[in-house]
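Peer 1: Sharing a structure here in structure tokens format.
The values are calculated or read from the model by the stated rules, or taken from the named source; none is laboratory data. Keep in mind that this is a model prediction, so the values were computed, not measured. Counting neighbours? That spans all protein chains shown, and the Cβs are built from the backbone with ideal geometry, glycine included. Only protein heavy atoms, including side chains, enter the accessible area calculation; ligands, DNA and RNA are left aside. Shrake-Rupley method; radii C 1.70, N 1.55, O 1.52, S 1.80 Å.
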Amino acid sequence: MFEVLTGTGLAASAGLNAYIPLLTMGLLARYTDLIDLPTGWQWLGNGWVVAILAVLLTVEVVADKVPVLDHVNDVVQTVVRPTAGGLAFGAGATSETVTVSDPGSFFSSNDWVPVVTGVLIALGVHLLKSAARPVINATTAGFGAPVASTAEDATSVVMSLVAIVLPVLVLAFLLGLAAFTVWFLRRRRDRRRERQAARAAGYRV
């Protein structure tokens, strides 16, 4: 159960920032005893992998805080974040990596389930983030982009650490995410109705 919560928290974190949960696992596995990666995922703690993830994270952090560029980044990350979510869930849930020499055994076993689950979780969070950002940019003339991005990065860091150290708190995050989703969808519906009413009023005039 705790492994599933850990994987879920890491995948959700990847939906906000693809590289934070992977880098967190790599650093903690390399320099601490807080996480013991299974054999198939120990490459995350490799020095070169950690360095590459750090560079990619730097690029992501900068690009996501610039209006317009953040939208382009979100489009690119539509593939990257779910992929990272699959890797994060797979490592967090201690599943084994796919054996390239025998891919049939991967699908005939249950090893693919954590990876696909992580992809879907990260994709859902990513789509919510991507839908919310244009609204934030439009209502704040772009000034809200760096604030929202910083909040998302901080949430990703906290969620990654919580998922590893105290995974039961992931449930609280998921409840908060569900509440935000409901509020955001209602807000979008209300704004759509307001725009339609404004157009109708303009036509009458």
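Here's the yes/no breakdown for (1) in contact (Cβ under 8 Å) with a residue 12 or more places away in the chain; (2) within 18 Å of the chain's Cα centre (by Cα); (3) under 26 Å from ASN137 (Cα atoms):
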| residue | (1), (2), (3) |
| --- | --- |
| ALA29 | yes, no, no |
| LEU34 | yes, no, no |
| THR39 | yes, no, no |
| LEU44 | yes, yes, no |
| TRP48 | no, no, no |
| ALA63 | no, yes, yes |
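Peer 1: Could you grab me the full set of residues in segment 146-186 that are surrounded by fewer than 18 Cβ atoms within 10 Å (Cβ to Cβ) and hydroxyl-bearing (Ser, Thr, Tyr)?
Peer 2: Correct list: THR150, THR181.
Peer 1: Can you say whether GLY26 is over 13 Å from ALA88 (Cβ atoms), part of a helix (DSSP H, G or I) and open to solvent by less than 20 Å² (accessible area, probe 1.4 Å), as far as the supplied structure shows?
Peer 2: No: the conditions fail for GLY26.
Peer 1: Just one of the numbered conditions (1) over 15 Å from THR24 (Cα atoms); (2) out of contact with any Phe, Trp or Tyr (no Cβ under 9 Å at 6 or more places or on another chain); (3) assigned to a loop (DSSP other than H, G, I, E, B) is not true of VAL62; which one?
Peer 2: Against the list (1) over 15 Å from THR24 (Cα atoms); (2) out of contact with any Phe, Trp or Tyr (no Cβ under 9 Å at 6 or more places or on another chain); (3) assigned to a loop (DSSP other than H, G, I, E, B), VAL62 comes up short only on (3).
Peer 1: For segment 139-153, which residues satisfy the criterion of being within 25 Å of VAL79 (Cβ to Cβ) and more than 12 Å from the chain's Cα centre (by Cα)?
Peer 2: Selection gives ALA145, PRO146, ALA148, SER149, THR150, ALA151.
Peer 1: Just name the residue that is farthest from ALA163 (Cα to Cα) out of those in segment 33-59 that are in a loop (DSSP other than H, G, I, E, B) and open to solvent by 50 Å² or more (accessible area, probe 1.4 Å).
Peer 2: ASN46
Peer 1: Going through ARG186, ARG133, ARG191 one at a time, which residue ends up being part of a helix (DSSP H, G or I) and at pLDDT below 75?
Peer 2: None of the other options fit; the residue is ARG191.
For every residue, the table says whether it meets (1) more than 25 Å from THR58 (Cα to Cα); (2) among the hydroxyl-bearing types (Ser, Thr, Tyr); (3) modelled with pLDDT under 80.
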| site | (1), (2), (3) |
| --- | --- |
| THR139 | yes, yes, yes |
| PRO146 | no, no, no |
| GLU152 | no, no, no |
| LEU166 | yes, no, yes |
| VAL170 | yes, no, yes |
| LEU175 | yes, no, no |
| ALA179 | yes, no, no |
